[in-house]
Amino acid sequence: MTVAAPASWAIAVRCRAATVVADDKQLSVFTMSSDGSVALTLPNWLDLAVFVAMVVAASFGWRRGAITALLGFAGVIAGAGIAATIGGTALAYLAPGAVRLLLVLVLLIGLVAVGAAVGHRAGHAARAAISGPAARRTDAVGGIAAHSIVVPLVVWLFAAPLGSLTAVRDSTIVRTLDDVAPFWLTSLSTALTTPIVDAGLARPPAPPDPSILDGPAPADLRESVFRIRDLAPTCGLRQSGSGFVVAPKRVLTNAHVVAGSTKVSVDASSGPLAATVVQFDPTMDIAVLAVPDLTAPTVTVAPEPAEPGADAIALGYPKGGPYAAAATRVRSTAVRQVRDIYRTRLGERRIYTVDGSIQHGNSGGPLIDIRGRVLGIIFGVDENDDNIGFATNLPEVLDRLHDGLRSDRPVDTGPCAA
């Protein structure tokens with residue numbers, strides 16, 4: 001099972017890149033009303049504000065120069081880093097909520113302002129040492145570019161806590177930087193903004209209710225939930241996990257369960273059935289298995305996502321043992337940036353965070369509601385708290401399974417998971 005920790009992802013809405021076209025829909029700048037008049041309709045007010053700020057910053061950049069801009073930005077990052085460290089430790093004793101969030105924001109804004117002031121002062125001192133009109137002119141021209149770039153970059157770095165706002169979610173600038181930013185810079189954004197998000201989280205829900213396991217759902221779904229076994233010689237081990245039927249003769253599991261495998265099987269009530277990996281997505285951590293001899297029924301997908309505080313049940317084969325059900329409770333649901341199974345890049349998923357006992361071997365199993373409808377596919381636990389687990393929203397996963405549901409052609413399962 002992949003172990004995922006909150007620090008490994010940006011807890012935010014991060015959107016796909018968009019320049020002129022986003023999600024196959026043209027971003028309209030002008031609209032025509034019924035009377036034939038043309039009106040300006042900017043795609044997003046945040047983009048307009050950032051653009052205006054870039055123009056203003058460019059004018060300052062000519063006077064301040066590139067050195068001042070770069071050292072000032074370094075001061076901003078340093079101040080934010082110190083604030084994040086203090087906010088995540090010194091204020092950790094406060095209960096999550098409005099008070100703690102306000103203190104973290106005040107601390108962040110204050111230290112960022114101090115860091116920027118110190119950086120700009122250092123930049124002015126360094127720029128004063130530049131002699132010669134050609135060198136100063138080069139620094140001035142570079143200042144225009146540097147100041148212009150810093151504005152959207154700072155907005156992007158701190159966009160994560162506000163990701164649920166439409167202006168941030170639909171921002172072309174934020175979405176473009178999401179796509180082009182290197183992994184280390186995305187990780188920096190995560191480190192800077194995670195304390196802000198954690199500070200504003202609601203109190204954890206009540207403990208899971210074990211009585212929900214007395215209902216018929218776990219027994220009813222047993223025929224459709226399987227233990228997955230595979231042989232991965234290059235990984236030096238036999239791997240096991242869980243999976244469930246998402247379509248006739250198709251079983252869904254995690255990509256990290258079958259990564260590096262050469263032979264895969266599912267354990268049905270009649271015995272092991274040979275399976276072929278026909279879709280493998282390490283970014284979403286999903287894999288589809290074609291099982292020709294499978295006759296088990298397909299699961300039912302929950303029509304609506306579960307709300308925080310809702311009861312849920314994790315099904316699977318923990319530690320490779322017998323079929324088991326674990327009572328859980330939904331803590332939150334949000335769009336997050338999650339590392340792929342090789343821990344080299346980030347991918348966007350809608351994630352359920354649940355309180356409950358989820359163990360190695362549950363990976364790939366379903367998270368269901370008390371009526372037996374599947375909410376998501378389990379993929380990991382918090383490395384700091386094994387009573388907190390994670391599942392990817394199933395409807396989002398199903399939207400990506402077109403090839404796996406149609407094809408019988410084997411696909412490469414890549415190297416072993418990290």
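The values are calculated or read from the model by the stated rules, or taken from the named source; none is laboratory data. This one's a predicted model, so the numbers in the text were calculated from it and none came from an experiment. All Cβ positions, even for glycine, are placed from backbone atoms using ideal geometry, and neighbour counts span all protein chains on display.
Here are the numbers for the structure shown:
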| item | result |
| --- | --- |
| Count of the stretch 329-373 residues which are outside any strand (DSSP E or B), surrounded by fewer than 24 Cβ atoms within 10 Å (Cβ to Cβ) and small (G, A, S) | 3 |
| Unmet criterion (only one of (1) part of a strand (DSSP E or B); (2) of a type outside the set (F, W, Y); (3) without any contact (Cβ under 8 Å) to a residue 60 or more places away in the chain) for P322 | (1) |
| Single unsatisfied condition, V301 versus (1) among the hydrophobic types (A, V, I, L, M, F, W, C); (2) within 28 Å of R371 (Cβ to Cβ); (3) over 24 Å from the mean Cα position of the chain (by Cα); (4) surrounded by fewer than 24 Cβ atoms within 10 Å (Cβ to Cβ) | (3) |
| Filtered residue count, the stretch 249-272, keeping only those that are within 25 Å of R349 (Cα to Cα) and either surrounded by fewer than 24 Cβ atoms within 10 Å (Cβ to Cβ) or under 23 Å from the mean Cα position of the chain (by Cα) (or both) | 10 |
| Qualifying residue in the stretch 374-389 (condition: modelled with pLDDT of 90 or more and part of a helix (DSSP H, G or I)) | no |
| Complete set of residues in the stretch 390-418 that are part of a strand (DSSP E or B) and either closer than 10 Å to F280 by Cα or of a type outside the set (F, W, Y) (or both) | A391, T392, N393 |
| Matching residues, the stretch 286-305, being modelled with pLDDT of 95 or more and closer than 14 Å to N393 by Cα | I286, T300, V301, A302 |
